[in-house]
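Below is one structure; the comments refer to it alone.
The values are calculated or read from the model by the stated rules, or taken from the named source; none is laboratory data. Predicted, not measured: the structure shown is a model, and the values here were computed from it. Glycine gets a Cβ as well: all are built from the backbone with ideal geometry, and neighbour counts include every protein chain shown.
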Amino acid sequence: MEHSSRLWQPVIATGRFSIWLVQELGRMAIFFFRALGNIFRPPIQISKYIQQVYFIGAKSIFVVSLTGSFTGMVLGIQGYYSLSMFGATGFLGPAVALSLIRELGPVLTAIMVTGRAGSAIAAEIGIMRISEQIDALETMDINPIRFLISPKFAAALISLPLLTAIFDVVGIIGGYLTGSLLLDINPVLYFSRIESSVVMHDINGGFIKAVVFAAVITTICCFQGYYTHTRQKGFGAEGVSYSTTSAVVQSCVLIMVTDYVLTSFLL
């Protein structure tokens, strides 16, 4: 009897995990639609939106620009030596630009924003939850989703495409610095090939990814912080630390998964 019960343990564990996963996805979907719907409910919280755009977007410009510049430089060096094997170094510009615009720009920007702003958002909301500030808002008949989550959601949807554009431009300039100034690629050829190779379909695809990643980051980070008090692995400050770690890890993993799905449809 004990032997047969042990045989069923993997099945039981799989079933419990599947139920938990469906429940979490359902709660997260409801959370997402509530946050999205409250963005458009009057009165619009303009001041809060501007504050969050500054926090999520403006304060991320430096780290995004720094990451973009070195990413472009590395692509310039690697692309040059790869293309030189086929005598096609004149196509270094399109290789760098398309790699950044279609893939690396949106993905790396989203990961940088997750590490800088997403972790802070999860920790902030988690601390508000364990210190009962969110409960106080509900007691005063203030919708915490509309008051706390929706401004962050709207700000991320605005900021991520703009940060992605900055990443792409800085990265292309970084590729120019290594390709043209260090490796003697003709700068006119570099930029003219980019102009003739990059089309609006590529740019639109990158912006679509940026918008989707913004929704993914904000939903996961806010959700983890908002439900910190329901965690079984830790309470109080320990629960906030678990929530923040889970928010960053889940966001980065889901960014990669979402990127693959979107690339499959956008190609």
Looking across segment 125-183 at residues that are under 22 Å from the mean Cα position of the chain (by Cα) and of a type in the set (D, E, K, R), the single one that is nearest to PHE223 (Cα to Cα) is LYS152
Please specify each residue of segment 75-103 satisfying the condition of being more than 12 Å from ASP168 (Cβ to Cβ) and without any contact (Cβ under 8 Å) to a residue 40 or more places away in the chain.
GLN78, TYR81, SER82, LEU83, SER84, MET85, PHE86, GLY87, ALA88, ALA95
Can you tell me which residue among ILE101, ILE61 is aliphatic (A, V, I, L, M) and either under 26 Å from GLN224 (Cα atoms) or loosely packed, with under 13 Cβ neighbours inside 10 Å (or both)?
ILE61
Enumerate the pairs (first residue in segment 211-228 and in contact (Cβ under 8 Å) with a residue 24 or more places away in the chain and more than 12 Å from SER251 (Cα to Cα); second residue anywhere and among the small types (Gly, Ala, Ser) and surrounded by fewer than 24 Cβ atoms within 10 Å (Cβ to Cβ)) with beta-carbon separation below 6 Å, excluding pairs fewer than 6 apart on the same chain, so at least 6 apart or on different chains.
THR228/GLY239
Quick one: which residue in SER251, SER243 is part of a helix (DSSP H, G or I), modelled with pLDDT under 90, within 20 Å of the chain's Cα centre (by Cα) and buried (at least 18 other Cβ atoms within 10 Å of the Cβ)?
SER243
Mind telling me which of the residues GLN78, GLN9 ends up being polar (S, T, N, Q), exposed (fewer than 10 other Cβ atoms within 10 Å of the Cβ) and more than 22 Å from CYS221 (Cα to Cα)?
GLN9
If I ask for residues that are modelled with pLDDT of 85 or more and of a type in the set (Lys, Arg), which ones from segment 17-43 would you list?
ARG27, ARG34
For segment 219-237, indicate whether the set of residues that are more than 26 Å from the chain's Cα centre (by Cα), of a type in the set (Phe, Trp, Tyr) and closer than 16 Å to PHE91 by Cα is non-empty.
no
When you check GLU238 against the structure, is it surrounded by fewer than 15 Cβ atoms within 10 Å (Cβ to Cβ), over 22 Å from ILE134 (Cβ atoms) and of a type in the set (Asp, Glu), yes or no?
no
Out of all the residues in segment 164-176, is one or more at pLDDT 95 or above, of a type in the set (Ser, Thr, Tyr) and buried (at least 19 other Cβ atoms within 10 Å of the Cβ)?
yes
